[in-house]
Amino acid sequence: MILSLSGLCLRSTAQEIKYIEYDLDNGLHVILHQDKRAPVVAVSVMYHVGSKDEDPQRTGFAHFFEHLLFEGSDNMKRGDFMKIVSSNGGQNNANTSQDRTFYYEIFPSNQLELGLWLESERMLHPKIDNVGVKTQNEVVKEEKRLRIDNKPYGKFAENIFTHLFEGHPYSWQPIGSMAHLDAAKLDEFIAFFKKYYVPNNAVLTIAGDLNIEKTKDLVAKYFNEVPKGMPVVKGSFELKPIARQIVDTVYDANIQIPAIFAAYRVPGMKSRDNKVLEMVSTILSGGGSSRLSTKMVDEKKTALQVAAFNYTLEDYGAYITLALPNNNTSLNDLLIDIDAEVVRLQTDLISESEFKKLQNQFENGYVSANTTMIGVAENLSNGYTFHNKNTNDLNEQLAQIKSITREEIRDVAKKYLSKDQRIVLYYLPKK
Amino acid sequence: MKKIFTLAIAALFVQAVSAQKLDRSQKPKPGPAPTITFADPVIYKLPNGITVLVVENHKLPKISASYSIDAGPITEGEKAGVIGLLGGMLNEGTTTQTKAQFDEAVDQMGAEVGVSASGGQASALTRYFGDAFLLMADALRNPSFPQASFDKLKSQSLTNLKSSERSATAISGRVVNALSFGLNHPYGEFETEQSINSITLDDVKAAYKKYVTPSRGYLTFVGDIKPEAAKALAIKAFGDWKGPVLTFPVLTRVSNPAKTEVDLVNVLKAVQSEITVTNLIDLPMGSPDYHAVLLANQILGGGADAKLFRNLREKHGFTYGAYSKTGSGRLQSTFSASASVRNEKVDSAVIEILKEINVMRTKKVSPEMLQDAKNLYNGSFALGLENPARGAGFASSILINNLPKDFYRTYLQKLNAVTADDVLRVSKKYFLHDNARVVIVGKTEMFLSGLKKSGFNIKEFSGYAEPIKMK
């Protein structure tokens with residue numbers, strides 16, 4: 001028993017991700033990981049800025065920058081960023097969450113220096129002007145139409161988060177408000193950039209076919225001159241507990257089959273309980289033999305689809321269960337069946353065999369998690385950004401998971417998945 | 001049998017890094033071109049027709065296997081949906097274990113096992129792989145076809161159909177193929193409530209007997225396994241499997257419209273319209289045009305740096321993205337350029353897409369554009385090697401498409417030899433402007449008059465590709 005808790009029984013040494021890390025004088029945190037098995041290098045920058053850092057009257061800024069920072073720089077014409085990447089055999093992209101923005105390029109390994117030039121140009125002196133703001137404003141509106149307005153079930157997150165995180169910036173979505181973006185002046189964009197897109201609020205992670213010493217020299221060459229910004233102070237928001245179940249209804253013209261959601265506020269990604277909730281999700285809906293799938297899809301045939309997942313964020317998280325009915329089953333009947341399984345988890349310990357199954361499922365996921373260089377880069381950056389500067393978090397995750405007991409699973413389910421503290425959302429077709 | 005092949009990326013020239021004072025206006029030159037290596041799989045042939053390919057890679061303590069039956073497209077006719085249901089039924093239990101027991105066994109190992117009418121996959125940690133693989137074989141070879149499962153899957157299919165009834169994206173996917181290939185072609189047919197309702201469990205069993213077989217089967221292992229061990233496992237699971245001999249289907253040829261036409265489907269609630277400009281093409285991978293078409297497509301609509309994206313998104317802001325793609329292979333396929341565009345800009349967007357196609361057909365691309373596209377392909381070839389399954393994919397593609405053995409070894413060499421004249425020639429041949437089909441699925445009242453003004457030949461269809469009389 002003691003041995004299994006210590007994590008010593010893991011055979012994970014073969015997969016340990018090795019890395020070095022250090023800070024530049026301007027505060028940029030640098031992480032390097034070498035893997036020469038394929039001629040590939042991933043260059044990434046994670047800025048610790050997301051929609052939760054926005055002014056409530058100017059939502060959508062962080063995501064807007066995901067677009068704006070491809071507009072070019074003092075040394076790059078408008079639109080050349082993506083052209084330079086692809087014409088040199090690379091790929092690039094970026095994504096924005098409530099908590100951070102992640103920019104990256106993947107190149108054949110002889111283009112490492114180009115990747116560093118691109119990311120340092122972006123950090124040092126990007127082109128932020130009215131022409132770029134106007135173009136990207138249209139593009140972001142199209143993105144919203146595509147990903148949210150025209151997408152079946154695309155509005156569930158905003159409708160849940162509005163209630164679940166009332167009083168916290170998580171109450172709005174990263175895409176933000178189009179009216180806010182229309183109203184924003186160029187000065188406001190420039191001020192947002194100067195505040196958050198500074199080396200002391202960023203992690204530069206490079207993974208792949210590289211030479212560590214040479215890469216250190218190149219990083220210094222391109223990033224040393226980026227000036228340090230003001231210290232970034234994160235807002236802190238304490239939310240009042242939800243006292244009674246909140247019920248809401250949303251209508252969507254893109255759907256024919258309704259859905260029901262139940263969402264609970266849970267602790268953020270640093271907490272151990274968050275990991276326990278990942279396990280709860282797997283028990284409920286991970287794989288064909290999971291409890292909800294077996295009962296509702298296979299046995300009772302009342303659900304077309306059923307799922308439980310942990311929407312993990314930095315300050316808090318949302319634990320969401322959902323179902324789509326089959327055979328015209330009523331949404332309330334689906335909710336009753338889901339709730340019964342939640343109560344069973346809160347009351348009875350899972351069996352030893354289920355526990356063993358969980359551990360195998362997580363080990364399999366862990367082994368598969370770091371197969372690409374960009375995946376490794378993101379996981380390393382996540383550790384530093386979100387886990388108290390513990391870059392090694394990715395190497396410790398499996399041991400943490402393995403140390404969670406059956407009793408903890410029961411207790412955490414009981415602590416957070418309470419009916420009084422949740423939002424129930426009826427998601428209905430708009431006639 | 002196992003060979004390691006080496007080549008250099010020709011387009012990414014060798015350059016030394018110089019250590020001068022930093023001039024940021026000069027973007028850095030590439031370092032020495034990396035060496036590209038990929039391993040040929042070890043290949044075995046089983047007496048029942050299954051080809052076994054093994055790529056040994058001990059990077060992670062994990063193995064995956066896939067089985068793929070090269071039956072070609074299957075024409076389902078009035079029973080459209082039967083192959084999908086068959087795929088579902090193969091996951092509903094075997095003669096020795098119920099679905100619940102089967103799923104439990106898979107999950108207990110933390111493994112992933114899934115099968116369909118055209119094959120299956122199994123992946124697991126090394127220590128569990130043998131058992132996971134045998135479960136996949138059991139699902140393929142000994143399905144029990146319980147009636148209750150069939151009823152469940154059928155009702156799910158009907159519910160699913162209903163769920164996408166209003167989705168412009170789903171309607172577009174269905175109608176573009178139906179109009180391009182015709183309703184009697186396996187690529188053009190689609191399932192409906194009526195076709196699903198007409199399917200019986202016996203239909204599913206009959207389809208199983210006909211199509212799930214070792215004939216034309218390719219079994220690929222990738223990961224922490226020795227070739228001999230993989231072969232032994234293949235023989236243990238499939239060695240005594242018998243089934244009908246498949247022949248690759250011969251399909252009726254279909255043609256492009258005599259004159260470019262616009263086919264509309266009205267979706268009242270659509271926020272964006274789906275535009276697809278398409279024509280049929282014949283492009284076997286062994287065709288001398290193949291590499292030139294890849295580059296031409298890249299230049300027109302292969303990504304964020306291509307003409308369509310630059311024009312429709314970056315210049316006009318009509319859309320979040322505009323792309324083109326070309327099919328290839330043994331059968332007729334399509335070239336298509338597409339975008340999801342906000343309703344009020346649909347007519348303008350159609351004109352811009354056709355304009356860019358026309359430019360490709362009439363003007364030689366610049367040397368810079370061509371070189372950029374080549375560089376991109378050279379780069380993606382290198383990036384693709386991160387995936388250890390790549391070598392197996394190359395080998396099975398050579399076998400299936402009957403390509404020369406050195407197809408992938410000479411791939412970049414041939415690609416880098418393509419000229420601007422080649423690109424112009426293939427654009428004319430494969431990207432049609434005067435015989436194209438423009439399919440628009442969206443809120444038609446927002447753009448119909450604009451399209452009419454532009455003088456298009458316009459037809460209207462239902463979401464199921466039935467002609468509607470225009471008002």
### Query
Do we find a residue being over 20 Å from B:Q97 (Cβ atoms) and not acidic (D, E) anywhere in the stretch B:144-154?
yes
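Each row is one residue, and each column tells you yes or no for (1) assigned by TED's automatic domain parsing to the domain that holds B:R127; (2) over 18 Å from B:A237 (Cβ atoms); (3) modelled with pLDDT of 95 or more.
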| residue | (1), (2), (3) |
| --- | --- |
| B:V55 | yes, yes, no |
| B:N91 | yes, no, yes |
| B:T96 | yes, no, yes |
| B:K99 | yes, yes, yes |
### Summary
Counting only residues that are crowded, with 19+ Cβ neighbours inside 10 Å and within 16 Å of B:L219 (Cα to Cα), the stretch B:99-115 contains a total of 2
### Query
Just wondering, is there one or more residues in the stretch A:383-401 that are buried (at least 20 other Cβ atoms within 10 Å of the Cβ) and over 23 Å from the mean Cα position of the chain (by Cα)?
no
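Each row is one residue, and each column tells you yes or no for (1) touching a Gly at 6+ places or on another chain (Cβ under 7 Å); (2) of a type in the set (F, W, Y); (3) assigned to a helix (DSSP H, G or I).
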| site | (1), (2), (3) |
| --- | --- |
| A:T162 | no, no, yes |
| A:G167 | no, no, no |
| A:P174 | yes, no, no |
| A:T215 | no, no, yes |
| A:V219 | no, no, yes |
| A:K234 | no, no, no |
### Query
A:P126 fails exactly one of the following numbered conditions: (1) crowded, with 20+ Cβ neighbours inside 10 Å; (2) under 30 Å from A:I31 (Cα atoms); (3) facing chain B (nearest Cβ under 9 Å); (4) in contact with a strand residue (DSSP E or B) (Cβ under 8 Å, 6 or more places away or on another chain). What is the number of that condition?
(3)
### Query
In the stretch B:150-187, how many are in contact with a Gly (Cβ under 7 Å, 6 or more places away or on another chain) and surrounded by fewer than 19 Cβ atoms within 10 Å (Cβ to Cβ)?
1
### Query
Only one of (1) more than 30 Å from A:T294 (Cβ to Cβ); (2) within 13 Å of chain A (Cβ to nearest Cβ); (3) of a type in the set (A, V, I, L, M) fails for B:I63. Which number is that?
(1)
### Test: B:P467 is within 15 Å of B:V262 (Cα to Cα) and surrounded by fewer than 21 Cβ atoms within 10 Å (Cβ to Cβ)
yes
#### Entry: Residue, nearest to the chain's Cα centre (by Cα), within the stretch B:46-84, restricted to residues that are acidic (D, E) and buried (at least 17 other Cβ atoms within 10 Å of the Cβ)
B:D70
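Among A:Q34, A:Q91, A:Q111, which is closer than 26 Å to A:Y19 by Cβ, in contact with a strand residue (DSSP E or B) (Cβ under 9 Å, 6 or more places away or on another chain) and free of Cβ contacts under 8 Å to residues at least 24 places away in the same chain? Spell out how you get there, then give the answer.
Values: A:Q34 fails: free of Cβ contacts under 8 Å to residues at least 24 places away in the same chain; A:Q111 fails: free of Cβ contacts under 8 Å to residues at least 24 places away in the same chain.
Sole residue among the options that is closer than 26 Å to A:Y19 by Cβ, in contact with a strand residue (DSSP E or B) (Cβ under 9 Å, 6 or more places away or on another chain) and free of Cβ contacts under 8 Å to residues at least 24 places away in the same chain: A:Q91.
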#### Entry: Boolean, A:K155 is surrounded by fewer than 20 Cβ atoms within 10 Å (Cβ to Cβ), within 9 Å of another protein chain (Cβ to nearest Cβ) and in contact with a strand residue (DSSP E or B) (Cβ under 9 Å, 6 or more places away or on another chain)
no
#### Entry: Wholly within the stretch A:320-431, helices (runs of 4 or more DSSP H) carrying at least 3 residues that are more than 14 Å from every other protein chain (Cβ to nearest Cβ)
A:331-347, A:373-386, A:393-402, A:406-416
### Message
Condition check: among the small types (G, A, S), more than 14 Å from chain A (Cβ to nearest Cβ), in contact with a strand residue (DSSP E or B) (Cβ under 9 Å, 6 or more places away or on another chain) and surrounded by fewer than 23 Cβ atoms within 10 Å (Cβ to Cβ). Does B:G327 satisfy that?
### Response
yes
### Query
What's the number of the condition A:E71 fails, among (1) over 20 Å from the mean Cα position of the chain (by Cα); (2) modelled with pLDDT of 95 or more; (3) under 30 Å from B:K315 (Cα atoms)?
(2)
### Summary
Scanning the stretch A:79-112 for residues that are facing another protein chain (nearest Cβ under 8 Å) and touching a Lys or Arg at 6+ places or on another chain (Cβ under 8 Å), the one nearest to A:E54 (Cα to Cα) turns out to be A:G79
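Count, please, the residues in the stretch A:16-70 that happen to be small (G, A, S) and within 19 Å of A:Y384 (Cα to Cα).
Filtering the stretch A:16-70 down to residues small (G, A, S) leaves A:27, A:38, A:42, A:44, A:50-51, A:60, A:62.
Filter again for within 19 Å of A:Y384 (Cα to Cα), leaving A:27, A:42, A:44, A:50.
Number of matching residues: 4.
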### Query
Can you name the condition, by its number, that B:G120 falls short on among (1) in a strand (DSSP E or B); (2) among the small types (G, A, S); (3) surrounded by fewer than 18 Cβ atoms within 10 Å (Cβ to Cβ)?
(3)
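Let's see how each residue does on (1) over 25 Å from the mean Cα position of the chain (by Cα); (2) part of a strand (DSSP E or B); (3) among the small types (G, A, S); (4) more than 30 Å from A:Y47 (Cβ to Cβ):
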site	(1), (2), (3), (4)
A:A243	yes, no, yes, yes
A:T249	yes, yes, no, yes
A:I257	yes, no, no, yes
A:A262	no, yes, yes, yes
A:R265	no, yes, no, no
A:V276	no, no, no, no
A:G288	yes, no, yes, yes
A:V297	yes, no, no, yes
A:Q305	no, yes, no, yes
#### Entry: All positions within the stretch B:330-344 that are within 14 Å of another protein chain (Cβ to nearest Cβ) and under 14 Å from B:F431 (Cβ atoms)
B:S338
### Task
Would you mind finding the one in B:T37, B:T96 that is over 23 Å from B:S215 (Cα atoms), within 14 Å of chain A (Cβ to nearest Cβ), of a type in the set (S, T, N, Q) and surrounded by fewer than 21 Cβ atoms within 10 Å (Cβ to Cβ)?
B:T37
### Query
Can you find even one residue in the stretch A:62-78 that is in contact with a strand residue (DSSP E or B) (Cβ under 7 Å, 6 or more places away or on another chain), touching a residue at least 12 places away in the same chain (Cβ under 8 Å), within 9 Å of another protein chain (Cβ to nearest Cβ) and within 26 Å of A:N26 (Cβ to Cβ)?
yes
### Task
Count, please, the residues in the stretch A:305-349 that happen to be surrounded by fewer than 19 Cβ atoms within 10 Å (Cβ to Cβ) and touching a Lys or Arg at 6+ places or on another chain (Cβ under 6 Å).
2
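Against the definition (in a strand (DSSP E or B), touching a strand residue (DSSP E or B) at 6+ places or on another chain (Cβ under 9 Å), surrounded by 19 or more Cβ atoms within 10 Å (Cβ to Cβ) and without any contact (Cβ under 8 Å) to a residue 60 or more places away in the chain), how does B:A322 come out, yes or no? Quick ask: steps written out before the conclusion?
Details: in a strand (DSSP E or B): yes; touching a strand residue (DSSP E or B) at 6+ places or on another chain (Cβ under 9 Å): yes; surrounded by 19 or more Cβ atoms within 10 Å (Cβ to Cβ): yes; without any contact (Cβ under 8 Å) to a residue 60 or more places away in the chain: yes.
Taking the combined requirement at face value, the residue satisfies it.
The values are calculated or read from the model by the stated rules, or taken from the named source; none is laboratory data. Computed from a prediction, not measured in an experiment: that's the story for all the values here. In this analysis, Cβ positions are derived from the backbone assuming ideal geometry, glycine residues included, and neighbour counts consider all displayed protein chains.
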